[in-house]
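What follows is a set of notes on a single structure, which appears directly below.
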Amino acid sequence: MQYQNSLAFAKQLDAQDVLSHLRNQFHIPKDINGNEWLYFTGNSLGLQPKSTENYILQELKDWANLGVEGHFEAKRPWLNYHEFLTEKMAKIVGAKPIEVVVMNTLTTNLHLLMVSFYQPTKTKYKIVIESDAFPSDKYAVESQLKFHGFDAQEGLILWKPREGEDLLRMDDLEQIIENQGNEIAMLLIGGVNYYTGQFLDLKRIATIGHSKNCLVGIDLAHGVGNIQPNLHESGVDFAAWCTYKYLNSGPGSLAGIFVHEKHSKNKELPRFSGWWNHNKKTRFNMRITFDVIEGAEGWQLSNPPILSMAAILASLDLFEEVGMDALREKSEKLTGFFEFLIQQIETDKIKIITPSNPNERGCQISIQIKDANKSLHQQLLAKNVITDWREPNVIRCAPVPMYNSFEDVYRMVESLSSILSKGKEV
Ligand SMILES: *Cc1c(COP(=O)(O)O)cnc(C)c1O
């Protein structure tokens, strides 16, 4: 697409945007004078759909009126409330419903999945992660290594960008597996890296890992609702994600898991259990032996918080209405426009570290700014621009196709450009 560097052009793109009406379905935060923020942190916490309130109110009302009977009599009965989410969530990640369930929070889920899929032996026990993995994932795998009696440092293999580069190369992962695959039990890789925004080829990662019998897990926290991971088709063994980033389900909301069909029906897999992964038909018959449910539901432990699930349902209904294809189409244009405008800034101080190929990124653009410090972030804030600062010198910006406009993007880059052209401050 041929972009132009003008507000008029941005407005023209908004006028042509078939998804522009969605912005009105979200609460856009405002400053004290009532001016809308330029919100570019949907990759940290998505904005609130206006519909969410009613979904939650419904459950509060049913609880007020029905008490415990709400488990069966609520408008959406609580007993199997998670089932209202499964199919819609499966569609978003490209999975079969039997492979997906919403439960717990992300790091908890990573651990529960590793109980099943990290089964080290004395000689095959190492774990591969990206060198710039999200800290929680790194801490989780380190603690798993220690839990199984291994040295966390020795057991962890980092897939790193080459000297002088920012992005990961698949060839290097291939080398790692080729050379050390016999010692590696599992790969846990961010499908979209939280720092660079790089979207990795999941199918290729699965193939590489499986070539030496390593199990492959994907953290989709930055992928879900952003790119189309086609989890089933990719062949990865398991995946997990949170729902408060691109899925707009509210702070600390519940998370999702994927267990590939080839494993999800295997009742022999080691796992932790509670009453919620026990056979639904006999769950309340308290004195019988454990009988695990088939599919991803077989990893649940507890009866889940309905209020959080109501917020997820509100969001998933919006995604269902719009469809990931349409969102991706807008996303590529919006992110492309953002990239184009950044490239127009006349300075040698900035470098986009996110891949330029639209197939290798979602909507996040990470900008490295020479000699910058956190004051840049503060100056952007003073102009109502909300971005995310990551040490040492990167701002992460996510133009989210659900609610960000082309005009948002234009105004954001205009603000950044004016701050940089003052020069002194950064
Ligand atoms: C956001 C994020 C997390 C957060 O974990 P919680 O358990 O939800 O607090 C973990 N990993 C990645 C890759 C993330 O992007």
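Restrict the check to the stretch 14-29 and report whether at least one residue is under 25 Å from Gly191 (Cβ atoms) and either open to solvent by 80 Å² or more (accessible area, probe 1.4 Å) or more than 20 Å from the chain's Cα centre (by Cα) (or both).
yes
Restricting the stretch 61-83 to residues that are assigned to a loop (DSSP other than H, G, I, E, B) and open to solvent by less than 60 Å² (accessible area, probe 1.4 Å), which is nearest to the ligand (Cβ to nearest atom)?
His82
Failed condition for Ser421, given (1) open to solvent by less than 20 Å² (accessible area, probe 1.4 Å); (2) in contact (Cβ under 8 Å) with a residue 60 or more places away in the chain, with all others met?
(1)
If you go through the stretch 138-149 one residue at a time, do you hit one that is within 16 Å of Gly298 (Cα to Cα) and not polar (S, T, N, Q)? Let's see the steps before the verdict.
Within the stretch 138-149, the subset within 16 Å of Gly298 (Cα to Cα) is none.
The answer is no; no qualifying residue exists.
Going through Ser211, Ser234 one at a time, which residue ends up being hydroxyl-bearing (Ser, Thr, Tyr), touching a Lys or Arg at 6+ places or on another chain (Cβ under 9 Å) and away from the ligand (no atom under 16 Å from the Cβ)? Spell out how you get there, then give the answer.
Values: Ser211 fails: touching a Lys or Arg at 6+ places or on another chain (Cβ under 9 Å).
Ser234 is the lone residue from the list that is hydroxyl-bearing (Ser, Thr, Tyr), touching a Lys or Arg at 6+ places or on another chain (Cβ under 9 Å) and away from the ligand (no atom under 16 Å from the Cβ).
Being away from the ligand (no atom under 16 Å from the Cβ) and small (Gly, Ala, Ser) is the filter here; which residues of the stretch 84-133 pass it?
Passing the criteria: Ala90, Gly94, Ala95, Ser116.
I need every pair where a residue in the stretch 221-236 that is at positive phi has its Cβ under 6 Å from the Cβ of a residue that is away from the ligand (no atom under 11 Å from the Cβ) and open to solvent by 10 Å² or more (accessible area, probe 1.4 Å), sequence separation at least 6 or different chains.
Asn230/Gly94
Only one residue in Glu83, Glu53 is within 15 Å of Gly250 (Cβ to Cβ) and without any contact (Cβ under 8 Å) to a residue 12 or more places away in the chain, so which one is that?
Result: Glu53 is the single residue among Glu83, Glu53 that is within 15 Å of Gly250 (Cβ to Cβ) and without any contact (Cβ under 8 Å) to a residue 12 or more places away in the chain.
One line per residue, one yes/no per condition, for (1) open to solvent by less than 30 Å² (accessible area, probe 1.4 Å); (2) more than 15 Å from the ligand (Cβ to nearest atom); (3) under 24 Å from Ser143 (Cα atoms):
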position: Met170; (1), (2), (3): yes, yes, no
position: Gly181; (1), (2), (3): yes, yes, yes
position: Tyr195; (1), (2), (3): yes, no, yes
position: Phe199; (1), (2), (3): no, no, no
position: His222; (1), (2), (3): yes, no, yes
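Of all residues in the stretch 113-129, which are in a helix (DSSP H, G or I) and surrounded by fewer than 19 Cβ atoms within 10 Å (Cβ to Cβ)?
Residue satisfying the conditions is Val115 alone.
Tell me, yes or no, whether the stretch 253-261 has at least one residue that is within 16 Å of the ligand (Cβ to nearest atom) and of a type outside the set (A, V, I, L, M, F, W, C).
Yes - at least one qualifying residue is present in the stretch 253-261.
Name the pairs: first residue in the stretch 312-333 and under 18 Å from Ala15 (Cα atoms), second residue part of a helix (DSSP H, G or I) and open to solvent by 40 Å² or more (accessible area, probe 1.4 Å), Cβ to Cβ under 7 Å, at least 6 apart or on different chains?
Glu332/Pro358
The values are calculated or read from the model by the stated rules, or taken from the named source; none is laboratory data. Remember, it's a predicted structure, so these values are computed and weren't measured experimentally. Backbone-built Cβ (ideal geometry, glycine too); neighbour counts: all protein chains shown. Protein only, heavy atoms only, side chains kept; ligands, DNA and RNA dropped before computing areas. Shrake-Rupley method; radii C 1.70, N 1.55, O 1.52, S 1.80 Å.
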